[in-house]
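Below you'll find the structure, written out as structure tokens, and then a few comments.
The values are calculated or read from the model by the stated rules, or taken from the named source; none is laboratory data. Predicted, not measured: the structure shown is a model, and the values here were computed from it. Note: ideal-geometry Cβ built from the backbone for every residue, glycine included; neighbour counts use all protein chains shown. Keep in mind that these areas ignore ligands, DNA and RNA; they rest on the heavy atoms of the full protein, side chains included. Shrake-Rupley method; radii C 1.70, N 1.55, O 1.52, S 1.80 Å.
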Amino acid sequence: MTEVDRARTVVPESGARRARALGGVPLPLLLPALVGLAFLLLPLLALLIRAPWRSLPQQLTSAEVWQALQLSLVSATAATAVSLVLGVPLAWLLARTDFPGRGLVRALVTLPLVLPPVVGGVALLLALGRGGVVGQWLDAWFGITLPFTTAGVVVAEAFVAMPFLVISVEGTLRAADPRYEEAATTLGASRFTAFRRVTLPLIAPGIAAGAVLAWARALGEFGATITFAGNFPGRTQTMPLAVYLALQNDPAAAIALSLVLLTVSIAVLAGLRDRWMTAST
Amino acid sequence: MTDIDETPAGLRDRGLPGEGLDARLVVDRGIFRLDVALTAAPGDVVALLGPNGAGKTTALRALAGLVPLTGGHLCLDGAALDRTPPEARPVGVVFQDYLLFPHLSALDNVAFGPRCRGATKAEARAQAAGWLARMGLTGHAGAKPRRLSGGQAQRVALARALATRPRLLLLDEPLAALDARTRLEVRAQLRRHLAEFEAVAVLVTHDPLDAMVLADRLVVVEHGRVVQEGTPSDIARRPRTDYVAQLVGLNLYRGQADGHTVRLEAGPALTITEDLSGPVFVAFPPGAVTLHRDRPTGSSARNLWRCEVAGLETHGDQIRADLTGTLPLTADLTTVAAAELGLHPGAVVWAAVKAAQTHAYPA
């Protein structure tokens, strides 16, 4: 029957409320837990300790740093936009329609999550490179070449980041009550109108979270970018590539650049704290 | 401003031939099969009444086009709707928990339908404001659904469904989400709005009181089939299934009549006042049953059975006793009588019913 009450999105009880004080924690659990915590925090701490605080303003105001940062922000934002335009409809398709092989499609969508990014870069070269499966036609018909261009950076980042958005939005869609779409339909809305005017506003928080996740992932992208787009300062050299390069000949600059990325990451985390830091149990 | 009551009351009662609803809804889901015929003239309010899982909601969803028909037909005002997608049907739905869009104000919820059906934003909002005024909700036009009380949300949902000017209004358990006090008030309002509605209204409920107050005609559905159909008073007087008998609070038996005697399928014979022959139903209210600790002597009641008390519960200001024995039945008695009889589960009593208190009718 259809009268079954659909489970509403239940806000999980705060974990802190249910957890007990630390007093009775067995040692075999407490010890590895503390080591694990230290393992995660120590590198970040080292970054702060060894930061060239005195020369930092000068490091960060250099033209290369600004160029890399600017390129990173622009390309990560563009990659997120691409992910939104293509990923939200894809998530809707996976969550709201039933077609043969949907399970396989979902598995393929999530593949870039586990695929080594370098392999992703190689695959992109074979598909969209100048002589690639699709790339040769792009070149021949439109004169478009993606590798080693800023557009190529965006493509590489979107390839890696979009699955994060799709997974996040699909989860939100599954939790949202599909009967709102039915209600819209009975009021005369086409399925697309129902999606645009009812579903989209309802899942906006999930889309925002997915977008932030995708953006953070795109910002840190290294492997696929360097493989597909190369490492040209001002054109394809994003922050992570600049950090890696700087580490070879100017460690202080690498640390400074890393601090910038760390700051951005902390800002992202702060923006998402309501979603993940409190409600995850 | 829109106006729902354009049709003069006299014209509205019986529509022209071909007007109204003519449907046979067949939905086959393997283990469950719904096969329900429904007809209604414009102005009719039909209640689909039945236990949970009977298929009422499936029937409603089929009428709205949210569930495809696997057979039968669906005609509204002479036009076949079987293949029409839900967004193109002239059908309005009030969902069980209303499903007001949480991100839109009450006004925009009501304006949603007219907007989808081609009105400009300003027109749609003007129409919506008219509907909210009609529902007495002008002061809540800007409120988001979560700030509305249950009764207000119900009226917004009704306004939203009516704003598309449907030729068929569907209401799924329209009062189920309300608490007892609000329910009384909203039921009366809903009755008034349904009486004003000039097209066909079909409501689904498992509450016999809602059905009898709101509807002109009841269609009782059990296991995907129509088991009985008629006016509320007809159904209340002449139940034809145990479920209906229970709903209207009657003891119901089926048997073979021969003159004034009915040989019941349950075992014993019953004396009735009607003169009937062939298969019949016999019904009597629990209040017609008198209980005695010992076999009454010289009683005029010819219907007398030895029973055992299976259970007791308070029922209003009375005690309702469930009895098993030669004839399973329920009896109502006052608290004082129950105490004097020393009723307790397992107690043996004699139950008597006067023939004049029974009502028999052909099965």
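Of all residues in the range A:230-252, those that are hydrophobic (A, V, I, L, M, F, W, C) have Cβ atoms under 8 Å from Cβ atoms of residues that are part of a loop (DSSP other than H, G, I, E, B) and open to solvent by less than 50 Å² (accessible area, probe 1.4 Å), 6 or more apart or on another chain, in A:Leu241/A:Asn231; A:Leu245/A:Asn231; A:Leu245/A:Gln237; A:Ala252/A:Pro52; A:Ala252/A:Ser55. All of A:Val35, A:Val88, A:Val114 fail the test of being open to solvent by 90 Å² or more (accessible area, probe 1.4 Å) and closer than 23 Å to A:Leu213 by Cβ, apart from A:Val114. Residues in the range B:151-186 that are without any contact (Cβ under 8 Å) to a residue 12 or more places away in the chain and either over 16 Å from the mean Cα position of the chain (by Cα) or within 12 Å of B:Val91 (Cα to Cα) (or both) were compared, and the one that is surrounded by the most Cβ atoms within 10 Å (Cβ to Cβ) is B:Arg181. Of the residues making up the range B:308-323, none is over 19 Å from B:Ala337 (Cβ atoms) and not aliphatic (A, V, I, L, M). Counted as qualifying within the range B:187-249 are the strands (runs of 3 or more DSSP E) with 1 or more residues that are closer than 25 Å to B:Gly92 by Cβ and acidic (Asp, Glu), namely B:225-230.
Among the candidates B:Arg115, B:Arg61, B:Arg83, B:Arg89, single out the residue that is in contact with a helix residue (DSSP H, G or I) (Cβ under 6 Å, 6 or more places away or on another chain) and charged (D, E, K, R). Of the residues listed, the single one that is in contact with a helix residue (DSSP H, G or I) (Cβ under 6 Å, 6 or more places away or on another chain) and charged (D, E, K, R) is B:Arg115.
Has the range B:140-149 got at least one residue that is within 14 Å of another protein chain (Cβ to nearest Cβ), open to solvent by 50 Å² or more (accessible area, probe 1.4 Å) and more than 30 Å from B:Gly53 (Cβ to Cβ)? Yes, that holds for at least one residue. Contact map, the range B:55-76: residues that are farther than 17 Å from B:Arg225 by Cα and facing chain A (nearest Cβ under 10 Å) paired with residues that are open to solvent by 10 Å² or more (accessible area, probe 1.4 Å) and among the acidic types (Asp, Glu), Cβ distance under 6 Å, separation 6+ or inter-chain. Pairs shown: B:Leu66/A:Glu182. Could you tell me whether B:Leu264 is closer than 30 Å to B:Ala211 by Cα and either polar (S, T, N, Q) or open to solvent by less than 30 Å² (accessible area, probe 1.4 Å) (or both)? For B:Leu264, the condition - closer than 30 Å to B:Ala211 by Cα and either polar (S, T, N, Q) or open to solvent by less than 30 Å² (accessible area, probe 1.4 Å) (or both) - is not met. Selection over the range B:95-128 of residues that are at pLDDT 95 or above and β-branched (Val, Ile, Thr) gives a count of 1. For the range B:150-180, taking the residues that are away from chain A (no Cβ under 14 Å) and among the charged types (D, E, K, R), the one that is nearest to B:Pro86 (Cα to Cα) is identified as B:Arg155. Please go through the range B:128-140 and give me each residue that is in contact with a Lys or Arg (Cβ under 9 Å, 6 or more places away or on another chain) and under 11 Å from B:Leu107 (Cβ atoms), ordered by number. Correct list: B:Ala128, B:Trp131, B:Leu132, B:Leu137, B:His140. Hey, can you tell me all the residues within the range B:83-141 that are charged (D, E, K, R) and within 20 Å of B:Arg167 (Cβ to Cβ)? Within the range B:83-141, B:Arg83, B:Glu87, B:Arg89, B:Arg115, B:Arg117, B:Arg134 meet the criteria. Screening the range B:281-363 for strands (runs of 3 or more DSSP E) wholly inside it with 2 or more residues that are open to solvent by 30 Å² or more (accessible area, probe 1.4 Å) and under 27 Å from B:Gln256 (Cβ atoms) returns the ranges B:303-315, B:318-325, B:359-362.
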